[in-house]
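*Asks:* Dumping the structure here so I can ask a few things about it.
The values are calculated or read from the model by the stated rules, or taken from the named source; none is laboratory data. Quantities reported herein were computed from a predicted structural model and do not represent experimental measurements. Heads up, the Cβs are rebuilt from the backbone with ideal geometry, glycines too, and the neighbour counts pull from every protein chain shown.
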């Protein structure tokens, strides 16, 4: 029986996919299934994955024409074990810690009201060396304080405000979801474009359940020369805002959360620019 499903959508991940797979196999928690979607790779990713499929029955492999990472994640979600209760997304060039799945399952088992959890991460290079960039993670969880300012949630408080989720505090990879809540969403937004592909999904999750942060480094996010870097396009955030401005069927409580985020976005962007400028100048 599978308790948690791991899903990877990869494209030309030949160099790193074996490390991702091996990190899952090395997990202290063993009741998992792992779906890898090869999204039209032109390198030898498929051959590298098939070497593991032959000897690991918990691993499932899907090949498809290139449809983008969100399409691959959506198709991987449909193919995961029907018995699994939780889902975690793992990029093909990243890794997890041996205890990651055990921590995720235990936390979600003990907190049935929580539908989304994310954690602190390690930043690693192409040779698996940990990079000393503390400012990279975790992302600050800010929320409007009501007096025109923004406050940060301390790391030892797991409850994460909806405002933080809706303004992009969660990274797409490494976030774990309760599947019963995930199935009530529309899945990964293939229409939205790079930089915001996870925000729409996480907004949907956070409207239906609580979101929590775990202050443990459970995920290894790799930086390397061949990865595709996301450029944040303002047209994508405009599309996201337009969608939620027109959203139908929300409860009054859900609508109030959405309205607060939309109303505060200009002030929040100014706050972030001022904060970044302050930190930059303080280092000069």
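For every residue, the table says whether it meets (1) in contact (Cβ under 8 Å) with a residue 24 or more places away in the chain; (2) crowded, with 23+ Cβ neighbours inside 10 Å.
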| site | (1), (2) |
| --- | --- |
| 34 | yes, yes |
| 37 | yes, yes |
| 42 | yes, no |
| 46 | no, no |
| 54 | no, no |
| 93 | yes, yes |
| 101 | yes, yes |
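*Asks:* Continuing with this model, one more query. Out of region 36-61, which residues are within 23 Å of residue 193 (Cα to Cα) and either in a strand (DSSP E or B) or under 18 Å from the mean Cα position of the chain (by Cα) (or both)?
*Replies:* Within region 36-61, 36, 37, 38, 39 qualify.
*Asks:* If you go through region 87-128 one residue at a time, how many are modelled with pLDDT of 95 or more and either in a helix (DSSP H, G or I) or on the phi > 0 side of the Ramachandran plot (or both)?
*Replies:* Qualifying residue count, region 87-128: 11.
*Asks:* Here's something else I'd like to know. Check whether at least one residue in region 98-107 is over 15 Å from the mean Cα position of the chain (by Cα) and over 21 Å from residue 182 (Cα atoms), and report yes or no.
*Replies:* Scanning region 98-107, I find at least one residue that is over 15 Å from the mean Cα position of the chain (by Cα) and over 21 Å from residue 182 (Cα atoms), so the answer is yes.
*Asks:* In region 149-170, what residues are surrounded by 19 or more Cβ atoms within 10 Å (Cβ to Cβ), at pLDDT below 95 and over 16 Å from residue 264 (Cα atoms)?
*Replies:* 170, the sole residue that qualifies.
*Asks:* Residue 84: part of a loop (DSSP other than H, G, I, E, B), modelled with pLDDT of 95 or more and either in contact with a helix residue (DSSP H, G or I) (Cβ under 7 Å, 6 or more places away or on another chain) or more than 18 Å from residue 21 (Cβ to Cβ) (or both), yes or no?
*Replies:* Taking the combined requirement at face value, the residue satisfies it.
*Asks:* Considering only residues that are crowded, with 22+ Cβ neighbours inside 10 Å and touching a strand residue (DSSP E or B) at 6+ places or on another chain (Cβ under 9 Å), look in region 206-219 and name the one that is nearest to residue 8 (Cα to Cα).
*Replies:* 219
*Asks:* Also, quick follow-up: Give the residues of region 129-148 that are modelled with pLDDT of 90 or more and touching a helix residue (DSSP H, G or I) at 6+ places or on another chain (Cβ under 8 Å), sorted by residue number.
*Replies:* Selection gives 141, 142, 143, 144.
*Asks:* Please go through region 235-251 and pick out each residue that is surrounded by 10 or more Cβ atoms within 10 Å (Cβ to Cβ), part of a loop (DSSP other than H, G, I, E, B) and without any contact (Cβ under 8 Å) to a residue 24 or more places away in the chain.
*Replies:* 247
*Asks:* Moving to a separate point now. For region 173-195, name all the residues that are surrounded by 21 or more Cβ atoms within 10 Å (Cβ to Cβ) and modelled with pLDDT under 90.
*Replies:* 173, 174, listed by residue number.
*Asks:* Identify, by number, the condition in (1) buried (at least 23 other Cβ atoms within 10 Å of the Cβ); (2) under 24 Å from residue 184 (Cβ atoms) that residue 113 doesn't meet.
*Replies:* (1)
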